[in-house]
Amino acid sequence: ERVVLERHPGLQEELEELRGQAEELSQKLQRMGPVNLGSIEEERELQNRYDYLTSQQNDLLKAKEDLHQALTKINRTTRALFRETFQAIQREFQVTFKQLFGGGEARLVLMDEEDVLESGIEIIARPPGKPLQPISLLSGGEKALTTIALLFAIFRVKPSPFCLLDEIDAPLDETNIGRFTQALREFLKD
């Protein structure tokens, strides 16, 4: 080694640099610890687990998309059915209101036409001889009769096998009780 170094003086520096790199690599190797011979099998198991979880994730994402599409379809159908039913109840309400009050005018108003499924509904009524106004401004008997008209309208559009009316006529005066019982008799024919 000495002879070679004497003949080639630049090799000494190169040899020192290589020894430093070898020492550094040796220390890195010691820090790594012993070789895990089962790591290849562990990697294979982890890859299988990863593939399985990725497949499950893809299935869930597809199910989420399918559910979103189903909800969109349900909401679209529900909105259409709601509007159709609302209009039918609106027509029956106007007829029943006129029948119970012996005239006048009534209508149902959606508070939010854009979002009918979350919209409130306002009841506007005008008994004969009174101005058109929200139901909250009517007298107790007028409110009761308007509510009865709405109830009958709903039952005409969507019949129920039975209905219990407990003291529904309590706030009504004699004239309105007569109108109510007449309307109830006609209602029972259907």
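The values are calculated or read from the model by the stated rules, or taken from the named source; none is laboratory data. Treat the numbers as computed from the prediction; the structure is a model and nothing was measured. Methodologically, a virtual Cβ is constructed for each residue, glycine included, from the backbone with ideal geometry; neighbour enumeration extends over all protein chains shown. Just the protein is used for accessible areas: all its heavy atoms, side chains included, with ligands, DNA and RNA removed. Shrake-Rupley method; radii C 1.70, N 1.55, O 1.52, S 1.80 Å.
For the reader, a short list of remarks on this structure follows.
- Of the residues making up the stretch 19-44, those that are of a type in the set (A, V, I, L, M, F, W, C), in a helix (DSSP H, G or I) and open to solvent by 100 Å² or more (accessible area, probe 1.4 Å) are LEU25, LEU29, MET32, ILE40.
- Long-range neighbours under 9 Å by Cβ, at least six apart or interchain, first residue more than 15 Å from LEU150 (Cβ to Cβ) within the stretch 175-188, second of a type in the set (Asp, Glu) and open to solvent by less than 70 Å² (accessible area, probe 1.4 Å): ASN176/GLU142; ASN176/ASP169; ILE177/ASP169; THR181/ASP169
- Verdict on ARG107 being open to solvent by 70 Å² or more (accessible area, probe 1.4 Å), at pLDDT 85 or above and assigned to a strand (DSSP E or B): yes
- Across the stretch 62-100, the number of residues qualifying as of a type in the set (Val, Ile, Thr) and either open to solvent by 80 Å² or more (accessible area, probe 1.4 Å) or touching a residue at least 40 places away in the same chain (Cβ under 8 Å) (or both) comes to 5.
- GLU13 modelled with pLDDT under 95 and assigned to a helix (DSSP H, G or I): yes
- Test: LEU165 is of a type outside the set (Asp, Glu) and either touching a strand residue (DSSP E or B) at 6+ places or on another chain (Cβ under 9 Å) or open to solvent by less than 40 Å² (accessible area, probe 1.4 Å) (or both): no
- Unique residue being modelled with pLDDT of 90 or more, of a type outside the set (A, V, I, L, M) and loosely packed, with under 11 Cβ neighbours inside 10 Å when the list is ASP59, ASP115: ASP59
- Only residues that are of a type outside the set (A, V, I, L, M) and under 30 Å from LEU108 (Cβ atoms) were counted across the stretch 46-85, and they come to 11.
- Qualifying residue in the stretch 52-62 (condition: within 33 Å of the chain's Cα centre (by Cα), of a type in the set (Asp, Glu) and assigned to a helix (DSSP H, G or I)): yes
- Qualifying positions in the stretch 170-190 - out of contact with any Leu (no Cβ under 9 Å at 6 or more places or on another chain) and either in a loop (DSSP other than H, G, I, E, B) or surrounded by fewer than 11 Cβ atoms within 10 Å (Cβ to Cβ) (or both): ALA170, ASP173, GLU174, THR175, ARG185, LEU188, LYS189, ASP190
- Within the stretch 134-153, being in a helix (DSSP H, G or I) and crowded, with 17+ Cβ neighbours inside 10 Å holds for GLY141, GLU142, ALA144, LEU145, THR146, ILE148, ALA149, LEU150, PHE152, ALA153.
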